[in-house]
1. Could you identify the single residue in Ser110, Ser116 that is open to solvent by 30 Å² or more (accessible area, probe 1.4 Å) and polar (S, T, N, Q)?
2. Exactly one of (1) under 25 Å from Asp151 (Cα atoms); (2) assigned to a loop (DSSP other than H, G, I, E, B) is unmet by Pro44. Its number?
3. Show the residue pairs meeting these rules: Cβ distance below 7 Å; 6+ apart or different chains; first residue within region 135-155 and under 9 Å from Pro80 (Cβ atoms); second residue modelled with pLDDT under 80.
4. Within region 50-61, identify whether any single residue is open to solvent by 50 Å² or more (accessible area, probe 1.4 Å) and in a loop (DSSP other than H, G, I, E, B), and answer yes or no.
5. Could you give me the residue pairs with C-beta distances under 7 Å whose first residue belongs to region 182-194 and is within 18 Å of Ala40 (Cβ to Cβ) and at pLDDT 75 or above, whose second residue is among the acidic types (Asp, Glu) and surrounded by 13 or more Cβ atoms within 10 Å (Cβ to Cβ) wherever it lies, and which are 6+ apart or on separate chains?
6. I'd like to know if region 160-181 contains one or more residues that are touching a residue at least 40 places away in the same chain (Cβ under 8 Å), in a helix (DSSP H, G or I), of a type in the set (Val, Ile, Thr) and open to solvent by less than 60 Å² (accessible area, probe 1.4 Å).
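The values are calculated or read from the model by the stated rules, or taken from the named source; none is laboratory data. In this text, all values refer to a predicted model and were calculated from it rather than measured experimentally. No Cβ is skipped: glycine too gets one built from the backbone with ideal geometry, and neighbour counts run over all protein chains shown. With ligands, DNA and RNA removed, areas are computed over all heavy atoms of the protein, side chains included. Shrake-Rupley method; radii C 1.70, N 1.55, O 1.52, S 1.80 Å.
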Amino acid sequence: MRGDLETLYDAHAHRLYAHGWSLLGDHGAAGALNDTLTEAVRNPPSGETVLWLHRLTRNVCSRRGAFKGRPAFAEAATDPLLDAAGALPPEHREALLLSAGEWLGIRDISRVLGVSPGAVRELLHDARTALERLVLDALMRGAADPAKHMDVIAAFEKGRLPHLLARRAPAGAPAPLRDQVLAAADEERDEIGRAPAATSGVLVVIGP
């Protein structure tokens, strides 16, 4: 199990952590990544690995309440872009990150979300519009000092707020997380090895 988990972690942890971050924020992404990769090793995919892992990440985040509340972005209090992103519907934030971060194309996003490519394009349009409105509102209300957020203003003027949001996403999972995930897998394996074998009686029925 450890070897398979190491391979999955090194190949996909960066993208899956960013996906989880888009749905759960800074405090939930690590747990989601751990659950995703552990479940992936227990039940290996039968099809395309990357898309399957993203679908699994989405399911794990959903179980952790991603679609029921607002994520906690650590810098949201001082960053109007992250504050605005946190106010978006989770599927808007998710689609924007997967697209603008160039993790997946439209057709692949549609397969992860379980909707048509046309629905993804509409979702992305609505998400960009909502993000721009929320950022503009924050700047106009003076909730954020424009002088401290020239990158946000420039991205707004160029229509590239989603791309700036994607750059706000973590470039990779925190370095200590890899050892934590692998150690948890080792502990689970040892517990399985120590568990007593189940015994059961066998009833043999002869005749109809």
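1. Details: Ser110 fails: open to solvent by 30 Å² or more (accessible area, probe 1.4 Å).
Answer to the selection: Ser116.
2. Pro44 satisfies all of (1) under 25 Å from Asp151 (Cα atoms); (2) assigned to a loop (DSSP other than H, G, I, E, B) except (1).
3. Listed by first residue and then by second, the contacts come to Ala138/Ala144; Leu139/Pro146.
4. The answer is no, given that none of the residues of region 50-61 is open to solvent by 50 Å² or more (accessible area, probe 1.4 Å) and in a loop (DSSP other than H, G, I, E, B).
5. Short answer, once both residue conditions are applied: Leu182/Glu6.
6. Our first condition is that a residue be touching a residue at least 40 places away in the same chain (Cβ under 8 Å); within region 160-181, this holds for 161-166, 168-174, 177-178, 180-181.
Add one more test, that the residue is in a helix (DSSP H, G or I), and what stays is 161-166, 168, 177-178, 180-181.
Now drop any that are not of a type in the set (Val, Ile, Thr), which leaves 181.
When the remaining residues are screened for being open to solvent by less than 60 Å² (accessible area, probe 1.4 Å), the result is 181.
Yes; the residues of region 160-181 include at least one that is touching a residue at least 40 places away in the same chain (Cβ under 8 Å), in a helix (DSSP H, G or I), of a type in the set (Val, Ile, Thr) and open to solvent by less than 60 Å² (accessible area, probe 1.4 Å).
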